[in-house]
1. If each of residue A:167 and residue B:83 carries a label point 7 Å out from its Cα toward its Cβ, how far apart are those two points in nm?
2. For peptide A:31-39, compute the average count of partner chain beta-carbon atoms within 10 Å of each residue's beta-carbon.
3. For the protein assembly as shown, what is the calculated [θ] at 222 nm in deg cm²/dmol (nearest 500), taking -39500 (n - 2.57) for each run of four or more DSSP H residues and dividing by its residue count?
4. With just the Cα atoms defining each centre, how far is segment A:112-152 from segment B:55-102? Give it in Å.
5. If the viscosity is 1.567 mPa s and the temperature 4 °C, what translational diffusion coefficient in µm²/s does Stokes-Einstein give for chain B when Rh comes from Kirkwood over Cα pairs?
6. Using alpha-carbon pairs under 8 Å, 6+ residues apart, how would you state the relative contact order of chain A in percent?
7. What are the label-to-label distances in nm, one decimal and shortest first, from residue B:118 to the same spot in the other copies, with labels 7 Å along Cα to Cβ?
8. Any chance you could give the angle, 0 to 90 degrees and rounded to 10, that helix A:70-81 forms with the longest Cα principal axis of chain A?
DNA sequence: CTAGGCATGTAACTCGTTACATGATTGG
DNA sequence: CCAATCATGTAACGAGTTACATGCCTAG
């Protein structure tokens, strides 16, 4: 049982899903390729944490809809109460930033410009998603018992982090400007 | 050549280091175990990006001090100008947060309390490190040409992100309190 | 006297990515 | 007609962790 396995259970506790659907939904907090998800779902099914049902579709391939079992639910609940592993962040941009003093100001600015553009796109997306959630669920979204509460507060977190990173980028850009005139 | 390899070159461009030292310094932007670092340094040396010198010490084991070659430097410079890969974040805490609606408020609060404590410790450490840097280098630390500029702005970034996460945790804790009384 | 820091290395394993493989439908 | 979306899978590889292995010094 690795973190990805628990991430899959966490998604399935809300509603039964296909592997394909899980892959999309998972992107909020855990990125994984389908080649890692499909075999893991099979393994979880063999271990009795999930069951699946083959659903035929017209004009689309068949799909396996996975459902959480009672065993799966109790294992998930146990895991949540345990203290989480230390987070891992791997961001090539930060490595480049560390070595930025090697390059000229134009290259440095380009690096930060691109980063800001990428983050601003994400911010627009998050704001849109949050707006949708509030439209659909109203105030109940801010209640812990709401099934979308977790997703809601995670989006809020991302948005805050991204806005803060924009502020930092601006601050660095300012230092670069100053360096250019000295 | 993977990201870790470039991370090592980025450290070595500032000054020659041993593998052991690199491991500590690397923690600002890339976490890796010594079992990954030592073989990679050997490989980079074989590829002619690094050279090393064996340094005997009294009362301590010998160490290999690695130095960047001209080839290593030019390869690093080329890499910096290319646009970075998308960042990867793997944080078990966020998975647990997603599924938090399953648990009781006490468990939820405990999860957030522990997170806040861990982050507050890091904040204190970063503030101390930044104070040291400013004491040692003065205003020159805010100039792109300073060899410690990259490290300085990375610490600033971390500090901002961590402070922002504390704010988010407080906001969530507030929602949990409200849920408890409804 | 023992826990932790210094210092390096290999072996076995798990985790994650890239590539290979298939095939129907829909929109531009 | 070509690209994208839906939908699932395996094989080979690369990245990263855990465990095994050694040995001396210092501080509590």
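1. Going from the residue A:167 label point to the residue B:83 one covers 2.7 nm.
2. Values: counts 5, 1, 0, 0, 0, 0, 0, 0, 0.
The per-residue average across the peptide is 1.
3. So the calculated ellipticity at 222 nm is -21000 deg cm²/dmol.
4. Cα centroid of segment A:112-152 versus Cα centroid of segment B:55-102: 31 Å apart.
5. Numbers: Rh = 19.6 Å.
Answer, rounded: 66 µm²/s.
6. Relative contact order, chain A: 17 percent.
7. 2.5
8. 30
Each reported figure results from applying straightforward, stated rules to the coordinates on display, with no laboratory input. Just so we're clear, the structure is a prediction, and the values are computed from it rather than from any experiment. Cβ atoms come from the backbone with ideal geometry, glycine included; neighbour counts cover every protein chain shown.
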